[in-house]
Amino acid sequence: MPSTTPSTTPSGPVAERDVPPSAAPAPALPARALVGRLLAASRPLSWVNTAYPFAAAYLLAGGRAGVALVVGAVFFLVPYNLAMYGINDVFDYASDAANPRKGGVEGALLDPGLHRRVLVAAVAACVPFVAALVALGGPWSWAVLGVTLFAVAAYSVPGLRFKERPVLDSLTSSTHFTGPAVYGLVLAGGEWGRSAVLALVAFFAWGVAAQAFGAVQDVVPDRQAGIASVATALGAARTVRLSLALWAAAGLLLLAEPFPGLLAAPLVVPYLVLAWPYRSVTDEASAAAHGGWRHFLVVNYAVGFLVTLILIMIGRS
């Protein structure tokens, strides 16, 4: 997935990004090409990371397969990701252009002339789904949805830029993925039992660990650009160890789940294995952590498959 030193808005190179979208002329693109750029900005390989938690939580909480499930799943599949990643790509363009990792599955590099179109498309894609979900839900679901959408915007937009506030960057990023699960639970009218709370806290800890570890590989370029992150603040080695501790904590929390939920506890092991070699990495050599990070996508899909099997068992028990 994708995804840092004072918490105030930094000056210098960062200020160049903390400005409204480029007013450069929009390139003339056929409709199909524009849609392709928008889809690329939404990170299709990561769609499941937000739609799946919503749908799983909704169904396990007793929600029925109906309009609310379909609308919510489609929203968290595409429009939500277009907003989350598209907004980030627009306001991070200057730093992304200098980052060799961007331009592929780890981040789209959007032509500046497309920035306004991306922002407009993100809002336009989200509004009808949000309106429908508001109509289908109640005050508590509205509150959860509002917090989740605020986290999406606050992570990247100028004036807030939570992604440049150490620790808050990791907490906000994890909210992007845990939020849909909490929303699914609330929308379905599920109970906040011990099992649900343990699972959600473990998922949140996993998300914080993932974002923090992902920031390690960018310690050097982030510091050179004056960008703050949890990794630039704590240092590469301490950030990796924090991630290891959080993944281990997530596993311990899941061990407290009743059977068969506790079978999910060992699923944190692949993440521990990926990060362990970098527990003592120096700040200067922090780019080497990309060697572990680039395997995350495959691990996420494999773990997701196993989680699905466990959830099927829970649903039948």
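Details
- Charge dipole magnitude, Cβ of K and R +1, D and E -1 - the chain, Cα centre, debye nearest 20: 380 debye
- Maximal additional length on extending the V70-V220 stretch stands at 49.7 nm, based on 0.36 nm per residue less the C-alpha distance.
- Residue-averaged [θ]222 nm for the chain, counting only DSSP H segments that reach four residues, each worth -39500 (n - 2.57): -20000 deg cm²/dmol
- In this simple spin-label model, placing a label point 7 Å from the Cα along the Cα-to-Cβ direction at both I312 and V48 gives a separation of 1.4 nm.
- Using the Karplus relation 6.51 cos²θ - 1.76 cosθ + 1.60 with θ = phi - 60°, the per-residue 3J(HN,Hα) values for the stretch 196-203 come to 5, 5, 4, 5, 5, 5, 5, 5 Hz, with x marking Gly and Pro.
- A 1.4 Å probe run over the protein chains yields, for the stretch 154-272, 35 Å² of accessible area per residue, whole-number rounding.
- Cα gyration tensor shape for the stretch 236-317, rounded if a/c is under 1.5, else prolate or oblate: oblate
- Nearest-0.05 FRET efficiency for V298 and V35, computed from C-beta distance (R0 30 Å): 0.65
- FRET efficiency estimate (nearest 0.05) - Cβ-Cβ, R194 to V147, R0 25 angstrom: 0.65
- Pair V120, V269: separation of 7 Å Cα→Cβ label points (nm): 5.3 nm
The values are calculated or read from the model by the stated rules, or taken from the named source; none is laboratory data. Predicted model only: the values in this text are computed from it and were never measured. Glycine also receives a Cβ, built like all others from the backbone with ideal geometry; neighbour counts cover every protein chain displayed. To get the accessible areas, we keep the full protein, side chains included, count just its heavy atoms, and leave off ligands, DNA and RNA. Shrake-Rupley method; radii C 1.70, N 1.55, O 1.52, S 1.80 Å.
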